[in-house]
Amino acid sequence: MADIAEIHELLESVRVTLHSSMNPNREQLDRLHNELDSEIRSANKRLRECDTLLADGHRSEAIQLAEQEPNLLELVSILDFPELPEWNDFVAELELTVTPELQIDIATDLNGAYADDEPLERLMRRFRVHSLARAPLRSRIDLLRQIAKRDAGSDYWKDDLKSYEQTRIRQIADETREAITSRNAFDLRRLSDEVHKKQWSVKPDRKVVERLDHAMVEVRQLESVSRLTSLTAEFSEAKSAGDAERAREISDTWDDLAQKCSQESDAFQEAKAAVAPLYRWLRDLDQEEENGRLFAAEIKKLQRTLRSEQSSLEEIYRHYDAVADFEGFDVPDAVQARYEARLTEIEKQRKMKQYITIGGIGLGVIALLVIVAIVLF
């Protein structure tokens with residue numbers, strides 16, 4: 001099992017891999033995954049051993065086992081890093097075995113055992129170990145805050161905490177300046193969380209907080225644009241697969257995320273230009289679908305007109321022309337045949353009427369001639 005510093009390095013490598021725009025080397029990825037998997041499995045094994053001792057009533061022995069280096073609760077708190085679910089999703093896509101979940105419930109029980117077993121003394125012991133090991137000041141401050149809370153009747157810890165926090169605030173100012181200069185999003189987020197999510201007895205410097213907040217706005221916007229780029233790639237894959245439904249879902253997410261970006265930034269404008277052809281494809285699909293619905297509606301009107309014996313030739317021509325005007329759509333063969341048959345039928349009816357009319361006129365003329373002949377002769 002690695003020590004705390006090595007595990008910190010391991011998790012930093014995992015975060016860098018997750019946030020990198022470059023595809024990781026498979027051998028390196030396998031190594032990172034195996035190391036993280038091994039550390040979590042080892043931690044779970046120790047947790048289960050402690051759980052067995054607790055279940056048997058051996059609280060002190062469980063705590064003693066947890067205190068062995070690396071400290072088990074500290075180890076669990078480090079391994080339970082926010083990006084773990086994202087890492088599991090990442091390795092699952094590469095068909096690697098997903099790392100088991102940390103048994104946080106056992107860690108919670110173990111933490112409760114600490115609370116029942118001289119908590120203040122143990123916190124002080126941990127603080128002394130951290131001080132001797134020259135652990136980061138923020139870690140020692142976290143312990144001091146716990147000590148000061150448990151020993152609220154003593155001003156000694158409060159004064160000590162105030163001194164530590166003042167030193168840490170000066171460090172934060174320097175680290176913020178370095179992180180902004182190097183555009184280190186990870187450090188900026190860590191510093192922002194430390195400033196805003198910790199309980200400070202000394203108020204952090206307002207100017208430093210403002211610089212951090214401003215930098216975090218830019219970080220979130222850059223992350224949003226980076227996410228837009230990823231969405232554009234997914235959008236393009238959906239287009240290639242002809243999956244319009246998935247493409248529409250992605251476009252909705254793209255639109256929502258775009259609202260969080262600086263609309264005038266060059267990065268956003270580049271992302272917008274990259275996705276524009278995909279939106280045009282969607283609009284063309286929508287228009288094609290709408291034209292299809294309109295075409296189908298006109299076909300139904302034409303069919304009703306052809307079926308009606310009362311329809312005039314003018315009505316039939318008008319509805320047929322409305323259908324024929326649609327580009328890219330062909331009149332169904334059955335409808336076309338019915339249309340031509342109906343025209344033939346109407347033409348026959350027209351000729352029949354002509355014959356009847358001519359015949360009527362001829363009979364009338366003959367009858368008139370007969371009447372004239374009778375009168376004259």
At R0 = 51 Å, FRET efficiency that the Cβ-Cβ distance of MET352 and GLU290 yields, to 0.05: 0.70
Net lengthening on full extension, SER262/ASP155 (0.36 nm per residue, minus Cα-Cα): 33.7 nm
Centre separation in Å (Cα based) which lies between segment 178-219 and segment 282-338: 65
Violating pairs (Cα-Cα greater than 25 angstrom) within the set LYS45/LYS198; LYS158/LYS198; LYS300/LYS353; LYS158/LYS197; LYS197/LYS272: LYS45/LYS198; LYS300/LYS353; LYS197/LYS272
Percentage relative contact order, segment 1-117, counting C-alpha pairs under 8 Å, at least six apart: 34
Which of MET352, MET22 has the fewest Cβ neighbours within 10 Å, and the rest in rising order: MET22, MET352
Calculated from backbone phi, Karplus (6.51, -1.76, 1.60) coupling profile of segment 297-311 in Hz, x at Gly/Pro: 5, 5, 4, 4, 5, 4, 5, 5, 5, 5, 6, 7, 6, 8, 5
Lys/Arg +1, Asp/Glu -1 at C-beta; the chain dipole; positive extreme among GLN287, HIS214, TRP200: GLN287
GluC sites (Glu not before Pro) restricted to DSSP loop in segment 247-345 with at most 13 other C-beta within 10 Å: GLU264, GLU309, GLU327
Helix 333-376 vs. the chain, principal-axis angle (Cα, 0 to 90°, nearest 10): 20
Relative contact order %, the chain, counting alpha carbon pairs below 8 Å whose residues are six or more apart: 8
Within segment 134-192, trypsin sites (Lys or Arg not before Pro) in DSSP loop having at most 13 other beta-carbon neighbours inside 10 Å: ARG134, ARG183
C-alpha long axis of helix 119-132 to longest principal axis of the chain, angle in °: 90
Given charges at Cβ of Lys, Arg, Asp, Glu: segment 217-331 dipole, positive-most of SER236, GLN263, LEU302: LEU302
MRE, 222 nm, helices only [DSSP H, n ≥ 4, -39500 (n - 2.57), over the chain, to nearest 500]: -27500 deg cm²/dmol
Residues ILE4 and ALA273, FRET efficiency given R0 of 41 Å [Cβ-Cβ distance, rounded to 0.05]: 0.30
In Hz, Karplus ³J(HN,Hα) per residue of segment 87-104 (6.51, -1.76, 1.60; θ = phi - 60°; x = Gly, Pro): 5, 4, 4, 5, 6, 5, 4, 8, 6, 9, 5, 5, 5, x, 6, 5, 7, 4
Quarter of Cα convex hull surface for segment 1-117, i.e. mean projection, nm²: 7.2
Cα gyration tensor shape for segment 119-187, rounded if a/c is under 1.5, else prolate or oblate: prolate
Global form of segment 94-225, assessed from the alpha-carbon gyration tensor, a/c cut-off 1.5: oblate
Percent of C-alpha pairs per 5 Å bin, segment 75-140, short to long: 4, 14, 15, 17, 17, 13, 10, 8, 3, 0
The chain - charge dipole about Cα centre, Lys and Arg +1 at Cβ, Asp and Glu -1, debye rounded to 20: 1380
Percent of C-alpha pairs per 20 Å bin, the chain, short to long: 18, 33, 19, 12, 10, 5, 3, 1
GNM result for the chain, Cα springs below 10 Å: residue of THR232, THR99, THR305 fluctuating most strongly: THR305
Over segment 217-331, volume per residue of the alpha carbon convex hull, in Å³: 121
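Read the figures in this text as sums done on the coordinates, not as results from a lab. What you are looking at is a predicted structure, and each value in this text was computed from that prediction instead of being measured. All Cβ positions, even for glycine, are placed from backbone atoms using ideal geometry, and neighbour counts span all protein chains on display.
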